[in-house]
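Chemist: Sharing a structure with you now.
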Amino acid sequence: MNPSKHLTPEITDRIIEMAWEDRTTFEAIEFQFGLNEAQVIALMRQAMKASSFRMWRKRVAGRKTKHLKQRDAIITRFKSSDQKNRLL
């Protein structure tokens, strides 16, 4: 499975940016781009240096905010406020 075959470089960059954000869930990425968590991980592994990928995986492992079902009910926003005007 190669999720990056149908993605433009701009969309790939946006997915990587969203994956690095603490408050952006994998479900939000899937809703917006159609890539599930495993596909996002595969994309990150392919697009990043090995050391950067390991750092990212260590960062998101076990993080509640990366999964919608594990988040606090109080957190309801879909994207960060500084990205509300960003267009693809």
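A short reminder: the numbers here are calculations on the coordinates, not readings from a lab. Quick caveat: nothing in here was measured; it's all calculated off a predicted structure.
Chemist: So for segment 5-64, what are the equivalent ellipsoid semi-axes in whole Å, largest first, each being the square root of 5 times an eigenvalue of the Cα gyration tensor?
Modeler: Working: eigenvalues 56, 43, 17 Å².
For segment 5-64, the semi-axes come out at 17, 15, 9 Å.
Chemist: Expressed in nm to one decimal, what extension gain is obtained for the pair Met55 and Glu10 from 0.36 nm per residue of sequence separation less their Cα-Cα distance?
Modeler: Extra length available between Met55 and Glu10 comes to 13.9 nm.
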